[in-house]
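To start, the structure under review is shown below, and the notes come after it.
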Amino acid sequence: MIEADAFIARARAHGFSLYTGVPCSYLKPFINFVIDDPDLCYVGAPNEGDAVAVAAGAELAGRRSVVMFQNSGFGNAVNPLTSLTHTFRIPVLVIVTWRGEPGGAADEPQHELMGRITPDLLDLLGIPWAWFPDAEADIAPTLARAIESMDAKREPFALIMRKGSVAPCALHSTPTVQPREPATACVTAVATARRTDMLRAVQNSIAAVDIVIATTGYTGRELYALDDRPNQLYMVGSMGCAVSLGLGIALARPDRRVIVLDGDGALLMRLGALAMLGEQRPPNLVHVVLDNGIHESTGGQTTLSAGVDFCAVAAACGYPARRVAATPDELAACIAASRGGLTFIHAPTLPGVPEGLPRPTASPAEVAERLRAHIAAEESPV
C-alpha cells in the first residue's frame, strides 16, 4: 500500500497536473488528495468517455493528464480511446480500478464480467498497461515505463489498480457550488443559412491565436474546405466529445480562447458534458451548437433537437451566458461579445452540404500535431 501523495508527487515531477474521471472507492484517496491540492486540477466528469476527452484536450495544449475510473465504466471510455486518443495520437495516463478481480475480494455481481476481462480488454484495444504500484519503491519505475511508452507511441498507457493499493486520505476541501440562473426559455429562431455560411462567419470573426474544435461529420470537413488553418482541429469519431476536448484545452491554456463548433446530434449524445462545463466555467470557452435537426452525414435521419431548448438546458447546467444566432452576422456578433465568460450559442441552420466537399489531406495525427505546435508557439492573452 502506498500513500496518495507519494504517487502524485512523482507524477507531478513528470508534469502531470490535471486529473479527471469518475469516482470509485478504490480511487477515493487519490481524488481527495488532488481536490485538496491547490496546485493540481481535478475535473469531475459525467462519464468516463468525457473524462478521456478532457484529458486529451489538456495534453494537446501541453499539460500532461491522468484519467481515473472504475472498470465497470470502461465501456463508456472505449469510444474516445479508440477514435480520439488512438486516431489523433494523444497520450494520456489511464488509471482503471479492478473491481471484480478473479480470486480477489468479494464484490458486487455487476463487476463479475468486467473483472474477468479488464486486462484482456486493454490488450484488445492495444493499450499497453502495468499494475498500479502498491509499494513506494515501484512508483518511479512504473511511471518511467508509462511515460516512455506514451512518448514513443503517442498513445495512452494504463495502470490497473487493485483494491487496497492506496492508503486512505480524507477530503478537507469544501465543494464550491457555482450559482445557477433560472432556466428560462430563450427566444426561438428560424434557420436562415446553411452550416457553411455560419462556419465562414466564425472564421471571419476570430483571431489566429484562437483555437477551433469542429465536431465530427460535415462540420469539420466544411471548415477545412473553407480555409484550412493550423488553429483548427477536425474531429473524427468520438462523437459528442468535442466540447469536453475543448474544456481540456481551455483549462490547460487559460490565455487562449477556445471555440467549439458542436452539432445537435453530437451534443445530445453526451448532454451531461454541459453540467461539467457549467461547473468548471472556463471563461475562455465559446460553445457553438450548429443545429440543423438531422444527422446529415449519415443520411439525414432526424435528431431529437426539435423538442429541446438547448439554451434553457445550458442555463440549468450553469452556463452564465446563452445566446441565439440565426444568421451568420448574428453568430459573428455573439462570438465577438463572448470574451470574458463561458458562452453557449445556439445557431439553427438549414440542411445542405456543398458539392464536392473534400476531406482533409492531412491525417488526424498530423492535424493534432500541427495544433500542438500552434498552441505552443503562440502566446496571447484572451
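The values are calculated or read from the model by the stated rules, or taken from the named source; none is laboratory data. Keep in mind it's a predicted model, so treat the numbers as computed, not measured. No Cβ is skipped: glycine too gets one built from the backbone with ideal geometry, and neighbour counts run over all protein chains shown.
Things worth noting here:
- A single member of 146, 167, 137 is assigned by TED's automatic domain parsing to the domain that holds residue 9 and either out of contact with any Phe, Trp or Tyr (no Cβ under 6 Å at 6 or more places or on another chain) or of a type in the set (S, T, N, Q) (or both), and it is 137.
- With respect to the conditions (1) in a loop (DSSP other than H, G, I, E, B); (2) in contact with a Gly (Cβ under 8 Å, 6 or more places away or on another chain); (3) of a type outside the set (Ser, Thr, Tyr), residue 39 lacks only one, and its number is (2).
- Residue within the stretch 358-365 that is hydroxyl-bearing (Ser, Thr, Tyr), surrounded by fewer than 17 Cβ atoms within 10 Å (Cβ to Cβ) and closer than 25 Å to residue 210 by Cα present: yes
- Evaluation of residue 168 against the conditions (1) surrounded by fewer than 19 Cβ atoms within 10 Å (Cβ to Cβ); (2) free of Cβ contacts under 8 Å to residues at least 60 places away in the same chain; (3) touching a helix residue (DSSP H, G or I) at 6+ places or on another chain (Cβ under 8 Å); (4) more than 28 Å from residue 367 (Cα to Cα) shows that the sole unmet condition is (2).
- For the stretch 19-38, a tally of residues being within 19 Å of residue 251 (Cα to Cα) and either over 21 Å from the mean Cα position of the chain (by Cα) or of a type in the set (A, V, I, L, M, F, W, C) (or both) returns 7.
- Residues that are surrounded by 17 or more Cβ atoms within 10 Å (Cβ to Cβ) and outside any loop (DSSP other than H, G, I, E, B), drawn from the stretch 120-136: 121, 122, 125, 129
- Neighbours by Cβ (under 6 Å, 6+ apart or cross-chain): first from the stretch 42-56, in contact (Cβ under 8 Å) with a residue 24 or more places away in the chain; second outside any strand (DSSP E or B) and among the hydroxyl-bearing types (Ser, Thr, Tyr): 50/244; 53/244; 54/244; 56/85
- When residues in the stretch 192-229 are screened for being within 20 Å of the chain's Cα centre (by Cα) and more than 18 Å from residue 355 (Cβ to Cβ), 7 of them pass.
- One residue from 31, 90 being among the aliphatic types (A, V, I, L, M), within 24 Å of residue 274 (Cα to Cα) and surrounded by fewer than 22 Cβ atoms within 10 Å (Cβ to Cβ): 31
- Scope the stretch 298-322; condition part of a helix (DSSP H, G or I) and at pLDDT below 90; matching residues: 298, 305, 306, 307
- Residues in the stretch 14-28 that are over 28 Å from residue 105 (Cα atoms), among the small types (Gly, Ala, Ser) and surrounded by fewer than 19 Cβ atoms within 10 Å (Cβ to Cβ): 15 only.
- As a summary of the residue check, residue 79 satisfies the conditions (1) surrounded by 21 or more Cβ atoms within 10 Å (Cβ to Cβ); (2) over 19 Å from residue 31 (Cα atoms) except for the one numbered (1).
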